[in-house]
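Derivation of every value follows stated rules applied to the coordinates shown; laboratory data play no part. Every value quoted in this text rests on a predicted model; they were computed, and no experiment measured them. Here the Cβ positions follow ideal geometry from the backbone for every residue, glycine too, while neighbour counts run over all protein chains shown.
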Amino acid sequence: QLGVFGHGYTYGGHPVCAAVACEAIRIYEQDGLVERSATMGAYLGERLRTIAEHPLIGNIRGTGLMWGVELVKDKASKTNYADAAKVGYRVSAACLERGVSIRPLGNVLSFSPALIIEQEQLDFAVDVFESALNQVVLDLRRDGFA
């Protein structure tokens, strides 16, 4: 016969955590952050698509304010760079040097800005991203990966 096996999480159902979650939801609704995410996310997608022809970009996908840009060695075949090239890391590091944090996930870069981001900040981020892509193309050639 099986007995009872109690389990849970440290903060699961904790009244303080539940109160904080309720307050966060209230603020999201009050400030229209879900709707803002849809509007600003559509703008971010448009801006990213303006650089879709860049030789490193194989695919751009996303919804709301969460977008991913896949980096490829060959646009036609969608062939990825070898892991040793560290393409995602290189682009992410080049962006960070210019003041923008973009998360590398292998050969995909993840854009997930704060829900309160302004259009001018998105423009800056995409401009920095394009500049970083251009630098990395040159670096890959120099290092024998292109």
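Dipole check for segment 33-142: with +1 at the C-beta of Lys and Arg, -1 at the C-beta of Asp and Glu, and the Cα centre as origin, the magnitude is about 440 Debye. Compute the separation of the alpha-carbon centres of segment 130-146 and segment 20-49 and state it in Å as a whole number. If we compute the Cα centre of each part, the gap is 34 Å. 3J(HN,Hα) couplings calculated from phi for segment 32-43 with the Karplus curve 6.51 cos²θ - 1.76 cosθ + 1.60 (θ = phi - 60°) are, in sequence order, x, 5, 5, 5, 4, 4, 5, 5, 5, x, 4, 5 Hz; Gly and Pro show x. Kirkwood hydrodynamic radius computed over the chain comes to 17.5 Å, based on all pairs of distinct alpha carbons. Pair-distance distribution P(r) for segment 67-146, from all Cα-Cα distances in 5 Å bins starting at 0: 3, 16, 26, 26, 16, 8, 5, 1, 0 percent. When shorter helices are ignored and each DSSP H run of at least 4 residues is given -39500 (n - 2.57), the per-residue value for the chain at 222 nm works out to -15500 deg cm²/dmol. Converting phi to 3J(HN,Hα) with the Karplus coefficients 6.51, -1.76 and 1.60 and the offset θ = phi - 60°, segment 98-113 yields 9, x, 10, 9, 10, 7, x, 10, x, 8, 10, 9, 9, 9, 8, x Hz in sequence order, with x at every glycine or proline.
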